1. So, A:Arg294, is that one within 16 Å of RNA strand B (Cβ to nearest atom), assigned to a loop (DSSP other than H, G, I, E, B) and in the same structural domain as A:His188 (by TED's automatic domain parsing) or not?
2. Within segment A:150-173, can you find the residues that are closer than 28 Å to A:Gln218 by Cα, open to solvent by 10 Å² or more (accessible area, probe 1.4 Å) and assigned to a helix (DSSP H, G or I)?
3. Cβ-Cβ below 8 Å, separation at least six or inter-chain, first residue in segment A:214-238 and in contact (Cβ under 8 Å) with a residue 60 or more places away in the chain, second of a type in the set (Phe, Trp, Tyr): which pairs?
4. What do you reckon, is A:Phe219 more than 30 Å from A:Arg30 (Cβ to Cβ), away from RNA strand B (no atom under 13 Å from the Cβ) and of a type in the set (Phe, Trp, Tyr)?
5. Yes or no: A:Gln218 farther than 28 Å from A:Phe312 by Cα, open to solvent by less than 60 Å² (accessible area, probe 1.4 Å) and either in the same structural domain as A:His149 (by TED's automatic domain parsing) or among the charged types (D, E, K, R) (or both)?
6. Considering only residues that are of a type outside the set (A, V, I, L, M, F, W, C), touching a residue at least 60 places away in the same chain (Cβ under 8 Å) and farther than 20 Å from A:Ala423 by Cα, which ones fall in segment A:332-359?
7. Go through the residues of segment A:134-149 one by one and say whether even a single one is farther than 28 Å from A:Asp256 by Cβ, more than 20 Å from the chain's Cα centre (by Cα), surrounded by 16 or more Cβ atoms within 10 Å (Cβ to Cβ) and assigned by TED's automatic domain parsing to the domain that holds A:Leu31.
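The values are calculated or read from the model by the stated rules, or taken from the named source; none is laboratory data. Worth saying up front: this structure is predicted, and the values here are computed from it rather than measured. Here Cβ is always computed from backbone atoms with ideal geometry, including for glycine, and neighbour counts include all displayed protein chains. Side chains are part of the model used for accessible areas, which takes the heavy atoms of the whole protein and leaves out ligands, DNA and RNA. Shrake-Rupley method; radii C 1.70, N 1.55, O 1.52, S 1.80 Å.
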Amino acid sequence: MADYLPTEPYRGTRDFLPEDMSIRSQVFERLYEVIESYGYQRYDGPILEPTEIYETKSSQEIVEQQLYTLTDRGGRRLSLRPEMTPSVARMIAGNVSKLNFPVRWYSHPNCHRYERPQRGRVREHWQINVDLFGSSSSAVEVEFVELVHDMMAGLGASRDMYELRVSDRVLLNAILSEVLEIPDDMLHDAARLLDRWQKYPQETLAADAAEIGLTDKQFEKLGEVVAAGVDVLNDLSQEVRDHSMLMQVLDTGARDLITFDPLIVRGFDYYTSTVFEVFDADPANRRSLFGGGRYDNLIGMFSPQQVPGFGFGMGDVTILDFLRTHGLLPDAHSDVDAVVIATEAALFDTGRLAARRLRAAGIRTTMPLEVRKLGKEISRADRAGARVVIIVGQQDWAAEQVTVRDLVSGDQQQVTLDQVAPAVQAVLEQPAR
RNA sequence: GUGGGUGUAGCUCAGCCGGUAGAGCACCUGGUUGUGGUCCAGGGGGUCGCGGGUUCGAAUCCCGUCACUCACCCCA
């Protein structure tokens, strides 16, 4: 008894069989369309990167526990990219003198993180990454807010299905240090506490706060800040307001497109101002769908230049969950339009001629590889998703004709080889299905 | 890393007070010679996740292990 190898894909990774691939492609092609309508250009890069580019700016958790790392034959430490932002920063930094800023780029890489799979999270996911480099204007924020809404609309989502929540590291730090008078060395931990605010009961949060070193009074005030929402911003100094990109956005017409939420923190250390996350309104998907923000000095690890950036990543796992939850998943497309069936081996060559005519006309066409009963082949063609079968048989061919059958209506007609492509095209253009 | 649930045919599952495996769907063939989506008949296909234990005998009980899954931790 042989021991067979498992056919399941490696844990946390997925096979995309044609049906799954069709759905995934359709979803992402809609997104490409919207992104490109904003003038973004697509790029790509290597899946392997030097480990160092993740060690300085990504979150500690990712580097220590979630990175797939390897050492090459030359002793270089490499990692499968866990996200695209450091890679694109590297590319921008390396080409800074050639580029015409602002640069609008997007890509669709697969990213890997070693962690336990669960709803909304796997070990390999496909992520649309959209970035803009070279502008410190809050117009960038406005552009991204609009882009996000247009992308969601492109997927068929209405505004009540999701929420775009934003915050700002500048505001957050100001609130924590100016309003709550939390010392600088405790800011990071305090921000993390906010990040967890909604998931835990007050007692747990209070205990954590005490552990961090917050006083009871500070903890109490933290609660008030959360409850206050936008109003908390009134207490901030003018200097802070001037530094905050988000404050400027809140002064524009884009104000109505976002919800200020001080609980939006995000894990990456490289964010410097605006941060945002999009949430599903349906409680089935508790995790944020996607998010991003402003990073004003990510290029800094590669070059002395200062190039501000803004970007976000949108993963396929959460977005497909979202679409499934809201009944917005597209149907899988058929990959074939027509099947040419020769009823006997002697007619294969004739069938091939017909198939070539059809393909030349842009009609996706297959032919059975063995002779079977005609009924079986029609049935297979139907299941394969073909709209039309072309029957090449002795009776018709004696008069130099073949039969074109519409599998939806059942109508059929005899045509010559010259007429095959237009006849099939005419059927394909008819609505049905 | 921690905890819960689940692992039987390609898929969805039944069988689980122990006696050596079933249904529906799917698939293949046929119902004569060139017409599918309905019907009828027949057929192929299973290491019952894996390993060990108890037993005359285990899919069924016990232990271990792995995988999947949900949640936690954390995070996109």
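1. No, not satisfied.
2. Of everything in segment A:150-173, those that are closer than 28 Å to A:Gln218 by Cα, open to solvent by 10 Å² or more (accessible area, probe 1.4 Å) and assigned to a helix (DSSP H, G or I) turn out to be A:Arg169, A:Val170, A:Asn173.
3. A:Leu233/A:Phe260
4. Taking the combined requirement at face value, the residue satisfies it.
5. The answer is yes for A:Gln218.
6. Across segment A:332-359, the qualifying residue is only A:His333.
7. no
Conditions (1) open to solvent by less than 30 Å² (accessible area, probe 1.4 Å); (2) modelled with pLDDT of 85 or more, marked per residue:
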site: A:Ile258; (1), (2): yes, yes
site: A:Val275; (1), (2): yes, yes
site: A:Pro283; (1), (2): no, no
site: A:Arg287; (1), (2): no, no
site: A:Phe290; (1), (2): yes, yes
site: A:Tyr295; (1), (2): yes, yes
site: A:Phe302; (1), (2): no, yes
site: A:Gly309; (1), (2): yes, yes
site: A:His326; (1), (2): no, yes
